[in-house]
Amino acid sequence: MEEPAPELSDGEVLLRRWREDDLVPLHRVVHDSLAHLEPFMPWAVGGYSEADAAEFLRTSAREWRDGEAYGYANVSAEGEILGAASLMSRIGDGCLEIGYWLGKQHTGRGLVTRAAALLTAEAFRIGANRVEIRHDAANERSGLVPSRLGFTRVGSGPADLPGGVASTGVHVYWRITAEEWVSTRSGSRPRGG
């Protein structure tokens, strides 16, 4: 697979590659949303320091360089960091996984669904044969995203990564192929709200 574009946009949502100067705004959005993120994001449990944000930015740069994951800041038109979204190669076999989170004050506006749509389209553009989204079984809001985008729920199983304070230890798996994605975009399959 080739490397994804460093910036993706649909005219309303902008995803751009993380930068070193994102340290303070990243820390602020996470810190201001800890109670919202702690239930399902293990890295938010017990607080989030500037050192944690710095380590995240270093790791993101290394993972991008090594082709392990492609992390993006989800930013407003004014450049404010709203959250994050990423394409991850950890499940292998030509498949990319999408992950996402938003600061509490930015939820409920369809930003994650739009970001996931951008990442899905980019994954297929760069050569993925399928895209998956996995979320904790208790995180119902996260499950709305793949459902809206035409992904198919393909099962559930033990979580392969630790979760936050409300995690059940069970992940729900959603999948879409390139052919299915084209079909959902052409209007022949409902996309939901």
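The values are calculated or read from the model by the stated rules, or taken from the named source; none is laboratory data. Keep in mind that this is a model prediction, so the values were computed, not measured. We place every Cβ from the backbone using ideal geometry, glycine too, and count neighbours over all the protein chains shown. Accessible surface areas use protein heavy atoms only, side chains included; no ligands, DNA or RNA. Shrake-Rupley method; radii C 1.70, N 1.55, O 1.52, S 1.80 Å.
See the values below:
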| read-out | value |
| --- | --- |
| Positions within the range 142-168 being of a type in the set (A, V, I, L, M) and not in a helix (DSSP H, G or I), in sequence order | Leu149, Val154, Ala159, Leu161, Val165, Ala166 |
| Filter result for the condition that a residue is in contact (Cβ under 8 Å) with a residue 12 or more places away in the chain, open to solvent by 60 Å² or more (accessible area, probe 1.4 Å), closer than 25 Å to Val45 by Cα and not basic (Lys, Arg), over Val172, Val165 | Val165 |
| Residues of the range 96-153 satisfying the condition of being acidic (Asp, Glu) and either more than 12 Å from the chain's Cα centre (by Cα) or on the phi > 0 side of the Ramachandran plot (or both) | Glu122, Asp136, Glu140 |
| Strands (runs of 3 or more DSSP E) enclosed by the range 1-120 - at least 1 residues per element that are open to solvent by 30 Å² or more (accessible area, probe 1.4 Å) and in contact with a Pro (Cβ under 8 Å, 6 or more places away or on another chain) | 14-17 |
| From Ala123, Ala128, residue being outside any helix (DSSP H, G or I), touching a strand residue (DSSP E or B) at 6+ places or on another chain (Cβ under 6 Å) and of a type in the set (A, V, I, L, M) | Ala128 |
| Inter-residue pairs, beta-carbon under 7 Å, first more than 18 Å from Leu161 (Cβ to Cβ) and in the range 30-54, second open to solvent by 50 Å² or more (accessible area, probe 1.4 Å), 6+ apart | Ser33/Lys104; His36/Lys104 |
